[in-house]
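Structure first, commentary second.
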Amino acid sequence: MKKRIKRIYQLFFSEKQRIKNRLLFNQTISVFYRGNTCYCNCCGKSFRKFKPKGTALTKRENAECPYCGSLERVRNLLFYIENETGLLTGKFRLLHFAPEWCLLPVFKKAANLDYITADINPDLADHVVDIMDIPFEDESFDYIICFHVLGHVPDEKKAIEEMYRVLKPEGTALIATIIDLNNPHTFETDDADTPQKRLYYYSEPDLLRLHGTDFDQRLTQGGFKVEMIDYPSVLGEEIKRKYVLGDGKRELIFKCVKN
Ligand SMILES: [Zn+2]
């Protein structure tokens, strides 16, 4: 019965509308989370706790903003962008892959920013873009944001080459992925051929690999000058705790500058 209701709901509403409905619903019930323990820099609100996120194997109890849906990595990214780049004030062209919806109002408010969102799913962004074959000209962007995409892409090398191609010289890609901090090598196996096996091997059912601490080298091989940034450590323990900025497994920012 529950599955049938879900199917009917999916028939009547596009994925884009379902996301909007969920956001509206979450915003309405976020009053039950009211408090002053956790803060979200994306929507500017505070709560007694954040919502849990993840699968049974990887559940994080205090992760998602009940109002705007921001996760640890997104709050961390916004701190980094505000403090360390001129992206929100300068005249730049930004290509944002798999855009986090809670950041859309932030970027759309930046008057000087030429902001372009991209996703393989037409419901999730303004432009339908296969990151392995980006339909934009060479050297046409100042910045790219690509968070938690490369683990899902069949040909990661091609995706990195394409991002390098469309960036202007000295342009910057801010990239993040899930990292197994205990493995020096990115793990991929042909045995992971079902969602259940991918969940077992990679911790998420739609991941195609689990990156190890060699992720920076994979980006360097694409031509980038890479800096790995543990920004919560820069911000300090108090801000890290107050804004719940994660444990470093998902939040490391790889700043990739085109040489
Ligand atoms: Zn929020």
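When only residues in the range 6-36 that are hydroxyl-bearing (S, T, Y) and either touching a helix residue (DSSP H, G or I) at 6+ places or on another chain (Cβ under 8 Å) or surrounded by 15 or more Cβ atoms within 10 Å (Cβ to Cβ) (or both) count, which is modelled with the highest pLDDT? Only one residue fits best here, namely Y33. The residues listed here are P135, P154, P105; of these, the one that is assigned to a loop (DSSP other than H, G, I, E, B) and free of Cβ contacts under 8 Å to residues at least 12 places away in the same chain is P135.
When residues in the range 216-259 are screened for being in a loop (DSSP other than H, G, I, E, B) and over 23 Å from G171 (Cα atoms), 9 of them pass. Residue pairs whose Cβ atoms lie under 6 Å apart, sitting 6 or more positions apart in sequence or on different chains, and linking a residue in the range 81-98 that is touching a residue at least 40 places away in the same chain (Cβ under 8 Å) to a partner that is of a type in the set (D, E, K, R), are F92/D142; R93/D114; R93/D142; A98/D119.
Within the range 178-200, the residues that satisfy the criterion of being assigned to a helix (DSSP H, G or I) and either acidic (D, E) or surrounded by 17 or more Cβ atoms within 10 Å (Cβ to Cβ) (or both) are R198, L199. Within the range 150-174, the residues that satisfy the criterion of being closer than 22 Å to P205 by Cβ, of a type outside the set (G, A, S) and surrounded by 21 or more Cβ atoms within 10 Å (Cβ to Cβ) are L150, E156. Of the residues contained in the range 47-65, one or more are found to be within 14 Å of the ligand (Cβ to nearest atom) and under 25 Å from Y143 (Cβ atoms).
Can L104 be described as under 13 Å from the mean Cα position of the chain (by Cα) and either within 16 Å of the ligand (Cβ to nearest atom) or not small (G, A, S) (or both)? In short, yes.
Quick one: would you say V129 is in contact (Cβ under 8 Å) with a residue 24 or more places away in the chain, crowded, with 19+ Cβ neighbours inside 10 Å and within 13 Å of the ligand (Cβ to nearest atom)? No, not satisfied. In summary, E61 fulfils each of the numbered conditions (1) modelled with pLDDT under 95; (2) surrounded by 12 or more Cβ atoms within 10 Å (Cβ to Cβ); (3) touching a strand residue (DSSP E or B) at 6+ places or on another chain (Cβ under 6 Å); (4) more than 26 Å from I120 (Cβ to Cβ) with the single exception of condition (2). Residue pairs whose Cβ atoms lie under 7 Å apart, sitting 6 or more positions apart in sequence or on different chains, and linking a residue in the range 64-79 that is β-branched (V, I, T) to a partner that is near the ligand (Cβ under 8 Å from one of its atoms), are V74/C42; V74/C102.
With respect to the numbered conditions (1) within 30 Å of Q10 (Cβ to Cβ); (2) in a strand (DSSP E or B), which one is the sole condition not fulfilled by I175? Tallying (1) within 30 Å of Q10 (Cβ to Cβ); (2) in a strand (DSSP E or B), I175 fails exactly one: (1). On the basis of being at positive phi, within 15 Å of the ligand (Cβ to nearest atom) and surrounded by 14 or more Cβ atoms within 10 Å (Cβ to Cβ), does G69 make the cut? Yes.
The values are calculated or read from the model by the stated rules, or taken from the named source; none is laboratory data. These numbers were taken from a predicted model, which means no experiment stands behind them. Methodologically, a virtual Cβ is constructed for each residue, glycine included, from the backbone with ideal geometry; neighbour enumeration extends over all protein chains shown.
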